[in-house]
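Engineer: The structure's right below; bear with me while I get my questions together.
The values are calculated or read from the model by the stated rules, or taken from the named source; none is laboratory data. What you see is a predicted model; the values in this text were computed from it and never measured. All Cβ positions, glycine included, derive from the backbone under ideal geometry; neighbour counts span all protein chains shown. We work out accessible area using only protein heavy atoms, side chains counted, and drop any ligands, DNA or RNA first. Shrake-Rupley method; radii C 1.70, N 1.55, O 1.52, S 1.80 Å.
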Amino acid sequence: MKHTHPLPGDIGLTRISGVTGTLIRVGQWINKDGFADYEHAFLVLPGDRLLEAEPGGARITPLAAYADADVLYVCPEHLTERQRTDICAAATGYVGVPYSFLDYLAIATHRFRLPVPGLRRYVASTRHMICSQLVDQCYLDGGVHLFADGRWPGYVTPMALYRLLAP
């Protein structure tokens, strides 16, 4: 479900420009998640704040940081106020979790079904996460399982969130 005004618990999807955005876009295309302009995901928190995974670690910042950006806000239909509260409460526990560019490689490795020992455990780890994994994990911790397609825990990109929630 799409929103124009973000609510706590909503997922913000936006574009990343430059080389980093292009690399993420290509990685998402390799994973069959599409080739559109949503390379970053973040979680809207109460108090006009957000949680996002960044190269320096997950952080809480003002929502105003994206005031001039083209952001699509989405969430599952029928998300209750209690679920929104639980998702946002879970989010604060992930502040500082390191970002991992290697997770993109691990997700691609799984996509190509390469037999790498420990890959599932690595992708599912919450000790390092990309932005979409962080959002998905907050939802899981809040009692909302977004994907019912049998995918591995942590096997999620920003475009996977888009394809699930913004059709």
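Engineer: Please state, rounded to one decimal and in Å, the Kirkwood hydrodynamic radius that the range 113-163 gives when every pair of distinct Cα atoms enters the mean of 1/r.
Structural biologist: 11.5 Å
Engineer: Another one. Sorted by accessible area (1.4 Å probe), largest first, how do Met1, Met159 line up?
Structural biologist: Greatest to least solvent exposure: Met1, Met159.
Engineer: Still on this structure, please answer the following. Take the alpha-carbon centre of the range 140-167, take the same for the range 48-95, and report the distance between them in whole Å.
Structural biologist: Their Cα centres are 15 Å away from one another.
Engineer: Can you tell me the FRET efficiency between Val95 and Ala148 if r is taken as the Cβ-Cβ distance and R0 is 41 Å, rounded to the nearest 0.05?
Structural biologist: For Val95 and Ala148, the calculated efficiency is 0.90.
Engineer: Can you give the FRET efficiency for Met1 and Val116, using 1/(1 + (r/R0)^6), R0 = 30 Å, r = Cβ-Cβ distance, to the nearest 0.05?
Structural biologist: With R0 = 30 Å, the Cβ-Cβ based efficiency is 0.25.
Engineer: Then there is this: With the crude spin-label approximation of a point 7 Å out along Cα→Cβ, what separation in nm comes out for Ala67 versus Ala124?
Structural biologist: Taking the simple label geometry, Ala67 and Ala124 are separated by 4.3 nm.
Engineer: Oh, and also: So what J values fall out for the range 54-63 if you push phi through Karplus, 6.51 cos²θ - 1.76 cosθ + 1.60 with θ = phi - 60°, rounded to Hz, Gly and Pro as x?
Structural biologist: Per residue, the Karplus-derived 3J(HN,Hα) values read 9, x, x, x, 5, 8, 9, 9, x, 4 Hz.
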